[in-house]
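First up is the structure itself, then whatever we jot down about it.
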Amino acid sequence: MELQHVNVKILVDGDITVDPGRFIDVFHRWIREGVIEGLLIDVADYRHVPHGPGVMLIGFDFDYSMDNAGGNWGMLYNHKSPLDGNNDDRLSTALKSAAQACKLLETEFADDGLKFSRQGFELIINDRALAPNTDETWDACQPILQSFLKSALGHEEFELQRESEPRRRFGVTVETKQPLDFDALA
Amino acid sequence: MKASNSLWKERLDGQLSAQMADELDTFEMEIDLRRQGKVDEKVFAETRLRRGAYGQRYDNGQRYDGVETRQLAFRDDAETKGPNTAWDAPGMQRIKIPFGGMTPDQLEVMAELAEEYSDGIAHITTRQDFQLHFVHIEDATALMRRLAAVGITTREACGNSVRNVTGCPFAGVCADEAFDVSPYADALTQFLLGHPDAQNFGRKFKPSFSGCHQHSCGLAAMHDMGMTAVTREVDGETKRGFRVVVGGGLGTVPYQAKVFDEFMAPEELLPIAQAMSKVFAKHGEKKVRSRARIKFLVANWGIEKFRETVLEERAKLEHDPRWTELIEGAEGEQETPLNPPGDLPESNGDVEFGHWLKTNIRTQRQDGYFTATVALPLGDMTADQLRSLADIARKFTNGTIRTTVEQNFVIRWVSGADVSALYQELAAAGLGEAGAGAILDIVSCPGTDTCKLGISSSRGLAAELRKRLSEKIFELDEAIQSLHIKISGCFNSCGQHHVADIGFYGVARGVHGYKVPHFQVVLGGQWEENAGSYGLPIVAIPSKRIPDAVERITGYYLKSREKGEQFVHFVNRVGKTKIRQELDHLTQNLPEHDADPDFYADWADPREYTTGDIGKGECAGEVISAYEFAMSDAERMVFNAQVLLEEGGSQKAGEEAYSAMIKSAKALVQIDYDDVSNDPDEVVEEFEERFCDTGVFYDPFAGPKFANYLLAAHKSAATPFTAESAHYRIEEAQLFIEAVHSCYTKEKTTAG
Ligand code: SF4
């Protein structure tokens, strides 16, 4: 099974301590200063949408957002273009990129105490043709994800919870017993 | 772009009509051919536009980052997808929703597409369409196949074609309508889609249906072809018909439609639409884009000649059985409810529910049933919300939902007994906001967020106004609560600012040597009576001061209105001079750049608005002074023209507007040629030579449009003015002045 267009969302730890409008300024600066490698195009502001995508940094191959889906603020990385390599490479790119962005934002907003959760993350495959949210996909993906996470996290103390609403994209919530190490991931 | 694009064709095999499948195979081939450089870029651009695949801001590969303009590093080995449009640049996909009618299954597919191909947001437009942004052209056919599998086409969603046929979202359930226009809107959609007589237009053609004259749900008067349902008693029998108007439209200069027929029999609707299409294709302007809408043909010919020509064409048409087949059974068509009728609940002290009941619930003409409006902020909704809405529509109704021209959804056939539960579920999905159709429910075009032509941030301003108003909406006086605000990012009126109580459109102005985003304040428009009258701009105010302007205008209205006086009547009574006086201070004492850099940026965008150091003090002081002096005179004159028009002096108003154009043209000419006289012939001749022949004055997108306003006005200077032609001249003068400002700033920047 080929997994492409991997999304990773790392939630903010506790309540968000930063006015989301400030992410607009930061993302514009990231574009100007080339803080993130790759082609960055623009910033989209969806703060007016309840439980929406918040503030997005739109790129060509990927988007980063301070996303508020489900009313939960978090850093969402969405890889949009197809990636070469194997599933592990693609999963790893998404997880690393999300962790790196979290680190950058924690530094930017250190004074405001912005922290991202080390307890886990959401992982979504944003392609219903490749990975419909079915039992077959779950059966095929579980070993791929287990093996990847074991190697990426460096331990086996994690649990996967599958997205249960069949109309939503295939995805899992990863809960880890040992805290995530953003430095190691990024 | 998606790795799975090639999979959808096989996966959806058999679920698309043969015609849709063929069309999309062809489009896929056209994309391939363009990739190989075998199709001309201009041809490909129109091809994709006719499939709804539109350009988006920065697709020319350039973006100002707040300090300098940078190249966006799209692959340079890739072809373009149109002139000056990078292949890889994300674009906008418009999706036609005829008369706004959707099913829950379609909502679910829209949710999938928003997530997989776009930025997770589906946006409803002011013409009941959906738009997805940041879509890659190579994803387009997979996306379109998925839509086609649930019966949606994007064909002719853009380009020089018949656009979405819009219609009242309350059709069939409204107590005020003559009859349900939905089956006729559906018939016209089917009939004109891909019709050979509707393929060769110089510009787009927008039809619309309304069920009554008095309300604004269909906005018939501002459409190329507008149909309003009417009935007549003939030999004791009630007969259906349409009052058909033609040649309306907003755009840069708005035109009120002219009556083509006071009572057209339904059987004549499709053949007349076909004949009209033929006449428009044959006689409509093709070369000068800015004059290519049907409104110009109607205005040039006059409605009598236009009508005569269409009727001649109608008489020559070969009979088509679809003219009647498509409307067969229309009189008996009726949606059905899911649940038995019931009474509307009380709010029982639940304040938010009470507000929602008041603004979002409307009584249907069928006893015990109601429509519930889902008010969407700026027309945006998430994929999860689309799925929730699908669930709610299935749970409480037979899936009867429609998009609206106010960028909302309407759920129809809700039993009164279900209203409370429906509200709870909408609120849980973040869709239970009160204030539908109220001052909070601001309509905005995409503006600088994604539109290539955006001048100021209409969505940024709309979000800011929403934020401020939502804190106090239900504390405001009822008269204020019910006002309509509509915002366009530029003069092109996609936000329908001309028909708002308070409209705004984006312009840029120089302040202390920098560019500053502004909005023209447009007053005097009317939303009711199907967009019964159009407003005029009274003053340009810096973007960051627009919230203050709204406060001032509404405050003044509250203080000075007569009992029960509607806003549009208030504006006409007190006159624009007085209202402008209320606002004048907002255009004065503008802060220096260093004292308030935020003033020099747009809403929700920290980048400095200007393209840098715009020739601060670079030109000779004398010339600048002469220019600025002349321009301020020109602006005063165009405002005075409005006042004259208000007082009934059409001739004087038209002449004053024309003089304002000459004045501003001279201001520009004078920079190069100080000795130019006041003689209009000389001014225009010099202007043409220096600014038209060289192309210097031409707008990068609108081309010679604004220069042509001057040339046409000069040519017809001796023609007497009617109230209508004076109104147009004032609009044109205002736009010409804006263009002079742009040209001047551009020239200064280049010179600097
Ligand atoms: S009004 Fe102007 S900015 Fe707004 S969508 Fe239309 S062209 Fe773009």
Measure of exposure for B:GLU328: accessible area at 1.4 Å probe, Å² rounded to 10, is 130
What ranking of B:CYS494, B:CYS743 comes out by heavy-atom accessible area, probe 1.4 Å, highest first?
B:CYS494, B:CYS743
Using a ≥ b ≥ c from the Cα gyration tensor of chain B (square roots of the eigenvalues), is it rounded, prolate or oblate, where a/c under 1.5 gives rounded and otherwise the larger of a/b and b/c decides, a/b for prolate?
rounded
Once ligands and nucleic acids are excluded and a 1.4 Å probe is used, how much of B:LYS578 is accessible, expressed in Å² to the nearest 10?
110
Given unit charges at Cβ for Lys, Arg (+) and Asp, Glu (-), the dipole magnitude of the protein assembly as shown about its Cα centre in debye, nearest 20, is 1360
Can you list the chymotrypsin sites (Phe, Trp or Tyr not before Pro) in the stretch B:88-161 that are in a DSSP coil and have 12 or fewer other beta carbons within 10 angstrom?
none
Just tell me how shielded B:114-121 is by partners: mean number of partner chain Cβ atoms within 10 Å of each residue's Cβ, no decimals.
6
Just how large is the dipole of the stretch B:617-752 about the Cα centre, in debye to the nearest 20, putting +1 at every Lys and Arg Cβ and -1 at every Asp and Glu Cβ?
360
Please give the solvent-accessible surface of A:TYR46 in Å², to the nearest 10, using a probe radius of 1.4 Å with every protein chain present.
20
Rounded to the nearest 500, what is the protein assembly as shown's calculated 222 nm mean residue ellipticity when only DSSP H runs of at least 4 contribute -39500 (n - 2.57) each, over all residues?
-12000 deg cm²/dmol
State to the nearest 20 debye the size of the charge dipole of chain B about its Cα centre, where the only charges are +1 on K and R beta carbons and -1 on D and E beta carbons.
500
If you take each beta carbon of peptide A:34-47 and count the beta carbons of other chains within 10 angstrom, what is the mean?
5
Of B:PHE99, B:LEU7, B:ALA292, which is farthest towards the positive pole of the protein assembly as shown's charge dipole, taken about the Cα centre with +1 and -1 on the beta-carbons of Lys, Arg and Asp, Glu respectively?
B:ALA292
So the angle from the long Cα axis of helix B:419-428 to the longest Cα principal axis of chain B, reported in degrees to the nearest 10, equals 60
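The values are calculated or read from the model by the stated rules, or taken from the named source; none is laboratory data. These numbers come from a predicted model, not from an experiment. All Cβ positions, even for glycine, are placed from backbone atoms using ideal geometry, and neighbour counts span all protein chains on display. Accessible surface areas use protein heavy atoms only, side chains included; no ligands, DNA or RNA. Shrake-Rupley method; radii C 1.70, N 1.55, O 1.52, S 1.80 Å.
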